[in-house]
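Peer 1: First, the structure itself, so that you have it in front of you.
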Amino acid sequence: MAGLAAAEEIIALAAAAQAPTEITLVEAAGRVGGVLSTVCRDGWLIERSADNFLAARPEAVQLVERLGLQDQLVGVDPRVRRALVWHDGRAVPAPQGFRLLAPGRIGSILSTPLLSPLGRLRLIAERFVPPRSAQGDESLESFVVRRLGREAFERLVQPLAAGIWTADPARLSMAAACGEFLAMEREQGSLWAGERRRARAGTAPSAAGARYGQFLTLRSGMHTLPERLAERLRDQGVRFIDAAAAGVERLPGDGWQISLADTAGADAAIDADAVVLAVPAPVAGRLLASVEPALAADLQGIDYAGSAVISLGFARTDVAHPLDAAGMVIPRRAKRRILAVSFSSSKFPGRAPEGCVLLRVFAGGAVDPEVVRLDDAAIEAVARAEVAELLGARGTPRIVQIDRWHAAMPQYHVGHVERAARIMERTAAIHGLGLAGAAYTGVGIPQVIASGQAAARHACRRPVTP
Ligand SMILES: Cc1cc2nc3c(=O)[nH]c(=O)nc-3n(C[C@H](O)[C@H](O)[C@H](O)COP(=O)(O)OP(=O)(O)OC[C@H]3O[C@@H](n4cnc5c(N)ncnc54)[C@H](O)[C@@H]3O)c2cc1C
């Protein structure tokens, strides 16, 4: 998605400058979209990875609108806009108003069965916890335990966060992943005060959020976004090559050569004035090894985690749970094999045939890498056993789709913001180079699109002549 967004931006820049431009997009997988992919079969619509994006940032919605796909936008069904948390053998709603790690309403915290009486009081006492004197980054776990108490961390924040970043919370950087909450502590003294200020300011949802809801998808599936953009780029003359970039060299003077592997008849190398690398960071690091070793080392130092999505379709009558939420997250302390279950057909229309429901089970992540390595039969058995116990899903699924994403999610460890800034600074010093993708300043689809656009502007800016 980042590479396609970069190509679109280069076309816009070239049009503005009235400069004829040739763009070649090199893609190793034989299809566009990277992790974004949708399976449509026998009335089921199954997202293989992301199934929504945030409307709070404009980039994805604006792209949808530029592509004329706005009629396809659909928000999460208002009746199921809540998350359940597995606790003591049952599914319990997260307290109303609790925003990932910011306490919401006192009433809902005081009455939540998720926490013990002491745990609730500790969470409410967050407003009296003094801000940390030390400046700088901290892990999510350290921040939340310090401010909200260990119980709120283990029973509430850890499972909610695991469903988003698939990260180890003891290593996940607050500055990189939750900068907004870090700033609340620094500027308002507590998350409680920060949330109240936010409420007073009436932090309005973005225009798109107000129109469609905060979490959006496309009726025809997320794959529509990269595929439609690729179609548009082809029409605008972008050349697509099915090959892996195997090396990147600077040419004497000013320019680049990208060598290709497995080209199946295409050019074995491409010469270019500028290059945007929209590949996972370790791949970018390997490609740039001879161009800038220090930059390459920083890129290769970004860890990735894998995860698996096991989609199971059932007859509605085979699932006991009412599925009256967006999904359920499972705390690590419950010692189960899965991170979360998304109730796809409750969230969005058209995901399952009449009389059926679609569940997407998430497993793996940085803290349970083994499960992703299980073979299909074993991983399906894990997912089915879990949904049987957690949701009363019995009988044979009508459809099963297993997707493993090895090393697909960049891990923003403590110190990531400094590393990403260093990477961007070193990249900026190299004329004609741009780096894009989820590895740097946000894993969400809008951020990834923004990173492609920014990388295009970097790569195509004119050299400063003294
Ligand atoms: C399971 C899962 C669920 C997610 N859910 C959500 C969600 O609900 N909402 C959300 O906003 N985000 C979600 N995300 C995150 C988001 O989807 C990704 O961060 C984003 O799509 C990544 O886009 P990208 O362009 O950076 O990278 P990728 O999609 O990884 O694309 C990288 C591309 O580079 C290509 N490539 C690699 N090496 C080479 C080479 N040598 N030569 C040529 N091409 C190469 C690959 O084939 C691939 O096409 C999810 C991610 C995962 C894995």
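Peer 1: Starting at the first residue of region 273-280, write each ³J(HN,Hα) from the Karplus equation 6.51 cos²θ - 1.76 cosθ + 1.60 with θ = phi - 60°, in whole Hz, x for Gly and Pro.
Peer 2: Running phi through 6.51 cos²θ - 1.76 cosθ + 1.60 with θ = phi - 60° gives 6, 9, 9, 10, 9, 10, 10, x Hz.
Peer 1: Moving on to the next point. Once every DSSP H run of n ≥ 4 in the chain is given -39500 (n - 2.57) and the sum is divided by its residues, what mean residue ellipticity at 222 nm do you get, rounded to the nearest 500 deg cm²/dmol?
Peer 2: Per the formula, -10000 deg cm²/dmol.
Peer 1: Please compute the net charge surrounding P282, taking Lys and Arg as +1 and Asp and Glu as -1 over other residues with Cβ under 12 Å from its Cβ.
Peer 2: -1
Peer 1: OK, next. Ordered by residue, what ³J(HN,Hα) values in Hz, to whole numbers, does region 134-146 give under the Karplus form 6.51 cos²θ - 1.76 cosθ + 1.60, where θ = phi - 60° and Gly and Pro are x?
Peer 2: Karplus values, whole Hz, x for Gly and Pro: 5, 7, x, 7, 7, 7, 4, 4, 4, 5, 6, 5, 4.
Peer 1: Here's a follow-up. Under a point spin-label approximation (7 Å from Cα along Cα-to-Cβ), what is the S116-T21 distance to one decimal in nm?
Peer 2: Taking the two extended label points, one gets 6.0 nm.
Peer 1: Using Cα-Cα distances under 8 Å and only pairs 6 or more residues apart, what relative contact order does the chain have, in percent?
Peer 2: 25
Peer 1: Moving to a separate point now. In what order do K335, K347 fall by count of nearby beta-carbon atoms within 10 Å, going from fewest to most?
Peer 2: Working: K335 7, K347 24.
Sorted ascending by nearby Cβ count, the order is K335, K347.
Peer 1: Would you kindly compute the Cα radius of gyration of region 1-157 and its largest Cα-Cα separation (Dmax), both in Å?
Peer 2: 22.6, 68
Peer 1: A further question follows. If the viscosity is 1.306 mPa s and the temperature 10 °C, what Stokes-Einstein diffusion coefficient in µm²/s follows for the chain when Rh is the Kirkwood radius over Cα pairs?
Peer 2: Using the Kirkwood radius from Cα pairs, D works out to 67 µm²/s.
Peer 1: May I pose another question? Could you work out the local net charge near R219, counting Lys and Arg as +1, Asp and Glu as -1, over the other residues with Cβ closer than 11 Å to its Cβ?
Peer 2: Its environment carries a net charge of 0.
Peer 1: What residues qualify as long-range amide H neighbours of G104, i.e. H under 5 Å apart, gap of 5 or more or another chain, H built at 1.01 Å from N?
Peer 2: Close amide H contacts, sequence-distant or interchain: F98, R99.
Peer 1: Let me ask something else. Ranking request for peptides 72-82, 428-438: highest mean number of other beta-carbon atoms within 10 Å first, then the rest in descending order. Provide the component values of the computation, followed by the final result.
Peer 2: Numbers: 72-82: 15.5, 428-438: 21.5.
The packing order, highest mean first, is 428-438, 72-82.
Peer 1: Still on this structure: Limiting things to C-alpha atoms, what are the Rg and the maximum Cα-Cα separation (Dmax) for region 265-306, in angstroms?
Peer 2: 12.3, 35
Peer 1: I need the peptides 224-236, 355-367 ranked by packing, meaning the mean over residues of other C-beta atoms within 10 angstrom, with the highest value on top.
Peer 2: 355-367, 224-236
Peer 1: Moving on. Can you order the peptides 124-137, 281-294 by their average number of other Cβ atoms within 10 Å per residue, highest first?
Peer 2: Top to bottom by mean Cβ count within 10 Å: 281-294, 124-137.
Peer 1: Name the residues whose placed amide hydrogens come within less than 5 Å of the amide hydrogen of V85, ignoring near sequence neighbours (fewer than 5 apart) on the same chain.
Peer 2: V92, A94, V329
Peer 1: Work out the FRET efficiency for E180 and D254 from their Cβ-Cβ distance, taking R0 = 41 Å, and round it to the nearest 0.05. Mind showing how you got there, number by number?
Peer 2: Numbers: r = 41 Å, r/R0 = 0.99.
Calculated transfer efficiency: 0.50.
Peer 1: Looking at region 367-466 from every direction and averaging, what is the projected area of its Cα convex hull in nm²?
Peer 2: Value for region 367-466: 9.8 nm².
Peer 1: Listing V61, V144, V414 from the residue with the fewest other Cβ atoms within 10 Å to the one with the most, what is the order?
Peer 2: Arranged by neighbour count, lowest to highest, V61, V144, V414 become V414, V61, V144.
Peer 1: In Å³ and rounded to a whole number, note down the convex hull volume per residue for the Cα atoms of region 101-207.
Peer 2: Each residue corresponds to 116 Å³ of Cα convex hull volume.
Peer 1: Return the long-range amide H neighbours of I399 (sequence gap of 5 or more, or a different chain), with a cut-off of under 5 Å between placed amide H atoms.
Peer 2: G313
Peer 1: Turning to a different aspect of this structure: Please work out the Kirkwood hydrodynamic radius for region 286-418, using every pair of different C-alpha atoms, and report it in angstroms with one decimal place.
Peer 2: About 16.5 Å, per the Kirkwood formula over Cα pairs.
Peer 1: If you take every residue apart from Q453 with its C-beta less than 10 Å away from the C-beta of Q453, what net charge results, scoring Lys and Arg +1 and Asp and Glu -1?
Peer 2: -2
Peer 1: Give a residue-ordered list of calculated ³J(HN,Hα) values for region 385-396 (Karplus: 6.51 cos²θ - 1.76 cosθ + 1.60, θ = phi - 60°; whole Hz; x for Gly, Pro).
Peer 2: 3J(HN,Hα) across region 385-396, in whole Hz: 5, 5, 5, 5, 6, 7, 10, x, 8, 10, x, 7.
None of the figures in this text is laboratory data; all of them are computed from the coordinates on show. Please read all numbers here as calculations on a predicted model, not as lab measurements. Don't worry about glycine lacking a Cβ; one is built from the backbone with ideal geometry, like all the others, and counts go over all protein chains shown.
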